[in-house]
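Input: a single structure, listed below in structure tokens.
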Amino acid sequence: MPRDPRYDILFEPVKIGPVVAKNRFFQVPHCNGMGHARPRAHAAMRGIKAEGGWAVVSTEEVEIHASSDISPHIEGRLWDDRDIGALQLVSDAVHAHGALAAIELAHNGMHAANLYSREVPIAPSPICLIGSYTPAQARGMTKADIRAYRRWHRDAALRSRRAGFDIVYVYAGHDLSLAMHFLQARHNRRSDEYGGSLVNRARLLRELIEETKDAIGGDCAVAVRFAVDELRGKDGIESRGEGREVIAMLAELPDLWDVNISDWQNDSATSRFAAEGYQEEFVRFVKGVTSKPVVGVGRFTSPDAMVSQIRRGVLDFVGAARPSIADPFLPNKIANGDIDDIRECIGCNICVTGDLTSTPIRCTQNPTMGEEWRKGWHPESIPPRSGDDSFLIVGAGPTGLECARLLGRRGFSVTLADAEPVLGGRVTRESRLPGLSAWARVRDYRMQQLNRLPNVEILRASRVTAAEILEFGARRVVLATGAHWRRDGIARANLRPIAGFERAGVFTPDDLMAGMRVPSPAVVFDDDHFYIGAVLAEKLRREDLEVTLVTPAERVSAWTVNTLEQHRIQKQLLELGVRIETNRNLVEFDGSLVHLECTYTGRASSLPAAAVVTVSSRQSDDSLGLELAAEPAALAAAGIASVDCIGDCLAPSTIAAAVYAGHRYAREFDWPQSDEVPFLREYPARAD
Ligand code: ADP
Ligand code: SF4
């Protein structure tokens, strides 16, 4: 389809200092859990983005010195010449598709605990390490330290040029970098020319920009990533105050301004807490203060929203981390008029969990993310069919939908059946809960693709039995029948059923999602620790119930630390008036009281409760699989070559894991059985 001329503006070239970006799509730096430890995987992932049409593809933050060691997190590393080769893989992969490669040079100051290098952390002034409870402090930098740091930064810029990068970032963002720590009055208590007035606090950033330009500015563009607002009022940088003043002061020094809000959880807010374009109110002043091109982010997935940013003079480049992860081919799809094919980011931050757990990045919408090198997966292409197998997929949740989409793309004949009239399984159910409407994009993208595949037949409102599967005549059967929430409370804190949970008045998340009414006062017992417990507490509170959330963990939705949401979730519940009881296990429900035990002392307490919502663990809906496995002769007689349970029906997990399971089956069902590790690994170079 030809491109809609309304979007032409997105494909205009833009000059950035000595280089030219071919369009306005800019993949800003983002972490990926691969970095220096898995350089081939990292390079392949960035190369795919370039192939997908991004004009600029950036690395994550790249540590410039051993005193900026943020192990166990895995970022880029450019400590000395020996790191150049790994980064060159990235710039080569990006250049192979005609894009510009950008590198974000970072010194993390007192955010770097230096657990691996054992260097003493450094900061503008002596201070505890921030961002963790690591029992260590950073020392205040002397003038000699500042000179050394400037030298390291200059050396890193020179090495970046040798590694083939076109754009070199000076990083002053996210409360994560020395250049920003010097700017922040709360961190900088110096009395010399680097402290005190804003001019003094900005001196280091100015020097870094000037010195980077001096070192490599003839060949490479110098970008500054700067957080214009920290969302902490007078205590921090504010876009109406010092944020604006810094840009005004340094306006024409860099070749490009990459502006956002700080810290990381504000910059990468989830869809539960922030809508597309949420940074505009903070960054829109920037273009009025500088003539240099400006890039900003806001989880942009709609081409109309992108055009609006450019036309209204808010941004020159559409910056994206997550939208480029969910769909590395987003620019090309807009360029080719394939708007309906865009796989929109759902704003769940599963991608962030890779960085925070030091494992390769993954994505709910894009199961190939992080698998480009080690599995050879490509987000847009897949090998054609290997034979004439026909498939019956039972269950059209995220697992079944993705499996059907991909098997259909390969050209196989597929029937996808679901008991419900509306497909989508858990994503349809959960998307009706407060704040989770974007989850429906997992279903909608796949339905859109399936509707184009004549070789995929969809049977709605069709509950399938084992006898029907035997009769159906498909050669391969895929069971993606999902899971349901347990009613007995068994999960982590309770490995046996909770006393009284067989009573009326005990509800599961499935009951609430099915619309059952819950009496007040209600206790939500969350032993799941991801998002559902808090979302249900929010739902009930908004329905005006008296709600207490009880959890054996030390905080609400404990695992959402990894999706950068925990603070917001707990704050929201407190503000809504949900009572919170942490470090409490629920041991009994007697119909009017829940009985609790302190997880440390065992001390007993109780709470009035007309209802308990138990958010514990889930049980696979695997009965079809068990029935069929018990009848090998009948399977053989029916000509069925394989029956596989995949996704939540095999073992309940995240939506990302469900999509991955469906994708994996479609790519790998015809691989030979093997005990080999099913992906490539990278090994540290042998010592010379
Ligand atoms: P997953 O996350 O693994 O995709 P879901 O729970 O989201 O799992 O989806 C499972 C889907 O399977 C649901 O839409 C459900 O209606 C469907 N399902 C379960 N059992 C049957 C069955 N016997 N016949 C048809 N559909 C079924
Ligand atoms: Fe978007 Fe979620 Fe994918 Fe991250 S994991 S890119 S937030 S869909």
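The values are calculated or read from the model by the stated rules, or taken from the named source; none is laboratory data. Computed from a prediction, not measured in an experiment: that's the story for all the values here. No Cβ is skipped: glycine too gets one built from the backbone with ideal geometry, and neighbour counts run over all protein chains shown. The protein model used for the area step is the full one, side chains on, heavy atoms only, and it has no ligands, DNA or RNA in it. Shrake-Rupley method; radii C 1.70, N 1.55, O 1.52, S 1.80 Å.
GLU344 fulfils the conditions (1) open to solvent by less than 20 Å² (accessible area, probe 1.4 Å); (2) in a loop (DSSP other than H, G, I, E, B) except for a single criterion, (1). Under the condition of being buried (at least 17 other Cβ atoms within 10 Å of the Cβ), of a type outside the set (D, E, K, R) and closer than 28 Å to GLY515 by Cα, the residues counted in segment 564-578 number 6.
Checked against the criterion of being modelled with pLDDT of 95 or more, within 28 Å of the chain's Cα centre (by Cα), charged (D, E, K, R) and under 21 Å from TYR169 (Cβ atoms), the candidates GLU252, GLU280, GLU230, GLU238 yield just one match: GLU230. Among the residues of segment 430-480, what is the count of those that are part of a helix (DSSP H, G or I), under 17 Å from ALA657 (Cα atoms) and near ligand 1 (Cβ under 10 Å from one of its atoms)? Adding up the residues that qualify gives 3.
Which pairs do you get when a residue that is under 22 Å from ARG225 (Cβ atoms), found in segment 106-121, comes within reach of a residue that is part of a loop (DSSP other than H, G, I, E, B) and open to solvent by 60 Å² or more (accessible area, probe 1.4 Å), reach meaning Cβ atoms under 7 angstrom, with the pair 6+ apart or on two chains? Final answer for the pair search is HIS111/GLY131. The single residue among LEU495, LEU540, LEU479 that is in contact (Cβ under 8 Å) with a residue 40 or more places away in the chain, over 23 Å from HIS567 (Cα atoms), out of contact with any Ser or Thr (no Cβ under 7 Å at 6 or more places or on another chain) and not aromatic (Phe, Trp, Tyr) turns out to be LEU479.
Inspect segment 300-309 for any residue being within 16 Å of ligand 1 (Cβ to nearest atom) and out of contact with any His (no Cβ under 9 Å at 6 or more places or on another chain) and give the result as yes or no.
Filtering segment 300-309 down to residues within 16 Å of ligand 1 (Cβ to nearest atom) leaves none.
No, that holds for no residue.
Residue pairs whose Cβ atoms lie under 7 Å apart, sitting 6 or more positions apart in sequence or on different chains, and linking a residue in segment 254-279 that is under 23 Å from SER308 (Cα atoms) and within 16 Å of ligand 1 (Cβ to nearest atom) to a partner that is open to solvent by less than 20 Å² (accessible area, probe 1.4 Å) and of a type outside the set (Val, Ile, Thr), do not occur here. Is it the case that segment 320-329 has a residue that's open to solvent by 20 Å² or more (accessible area, probe 1.4 Å), of a type outside the set (Ser, Thr, Tyr) and away from ligand 2 (no atom under 16 Å from the Cβ)? No - not one qualifying residue is present in segment 320-329.
Kindly indicate whether ALA636 is of a type in the set (A, V, I, L, M) and at pLDDT below 95.
Numbers: of a type in the set (A, V, I, L, M): yes; at pLDDT below 95: no.
Spelling it out, it is not the case that ALA636 is of a type in the set (A, V, I, L, M) and at pLDDT below 95.
Scan the strands (runs of 3 or more DSSP E) fully inside segment 579-688 and keep the ones with 3 or more residues being more than 16 Å from ligand 2 (Cβ to nearest atom) and surrounded by 14 or more Cβ atoms within 10 Å (Cβ to Cβ).
Passing ranges, in order: 579-581, 584-589, 593-598, 611-615, 618-620, 642-645.
Quick check on PRO509: is it open to solvent by 40 Å² or more (accessible area, probe 1.4 Å) and at pLDDT 95 or above? In short, no. Screening segment 375-429 for residues that are among the aromatic types (Phe, Trp, Tyr) and more than 16 Å from ligand 1 (Cβ to nearest atom) and picking the one that is surrounded by the fewest Cβ atoms within 10 Å (Cβ to Cβ) gives TRP377.
Applying the condition of being touching a Lys or Arg at 6+ places or on another chain (Cβ under 7 Å) and in a loop (DSSP other than H, G, I, E, B) to segment 384-419 and asking which residue is farthest from GLU51 (Cα to Cα) yields ALA419. Checked against the criterion of being surrounded by 16 or more Cβ atoms within 10 Å (Cβ to Cβ), under 25 Å from ARG139 (Cα atoms) and among the hydroxyl-bearing types (Ser, Thr, Tyr), segment 197-206 has no qualifying residue.
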